[in-house]
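Some notes on the structure that comes next.
Values quoted throughout were computed directly from the atomic coordinates according to the rules given, and no laboratory measurement underlies them. This one's a predicted model, so the numbers in the text were calculated from it and none came from an experiment. In this analysis, Cβ positions are derived from the backbone assuming ideal geometry, glycine residues included, and neighbour counts consider all displayed protein chains.
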């Protein structure tokens, strides 16, 4: 059995390498050792956020804030999750709380979270564009096949 710090360290490394599912599992292992560890709860919230499991992310950040109401990362992470959910009032409340506690750390965390979100959006956009390209090619093939079949049928029809 690993130590709490080892699990958290491994989970953070996995999250930074975009191995989200493994990071979630590792943070959950850490929380089995200490269900009230705010660092593990905040990390799990970030991992759920990356996996677009926003309700789970919000739950983790809230639990972290019950343990430590001055956790800047939990406040800013919760704000980012609320932002993704489109809840402007709660987003602003959490960002304000984080900034009041530690302006520099909160600003960096918010910027980092937004950058990761933008990166994910760009990845999704590229995948979408790739699928659109594949669909366009299938449509062109279908149209060519249809024209060929139409010409073949029309040659065989009596005049």
Region 54-76 and region 12-52: distance between their alpha carbon centers, rounded to Å: 13 Å
Report the gain in length on full extension from residue 66 to residue 32: 0.36 nm times residue separation, minus Cα-Cα distance, nm rounded to one decimal. 10.5 nm
Burial ranking of peptide ranges 73-83, 35-45 (average Cβ count within 10 Å, highest at the top): 73-83, 35-45
Computed log₁₀ I(q)/I(0) - Debye formula, equal Cα scatterers, no solvent, region 4-112, q 0.21 Å⁻¹: -1.07
Gain in length, residue 88 to residue 125, computed as 0.36 nm per residue apart minus the alpha-carbon separation, to one decimal in nm? 10.9 nm
Given a Förster distance of 30 Å, the FRET efficiency implied by the Cβ-Cβ spacing of residue 143 and residue 52, rounded to the nearest 0.05, works out to 0.25
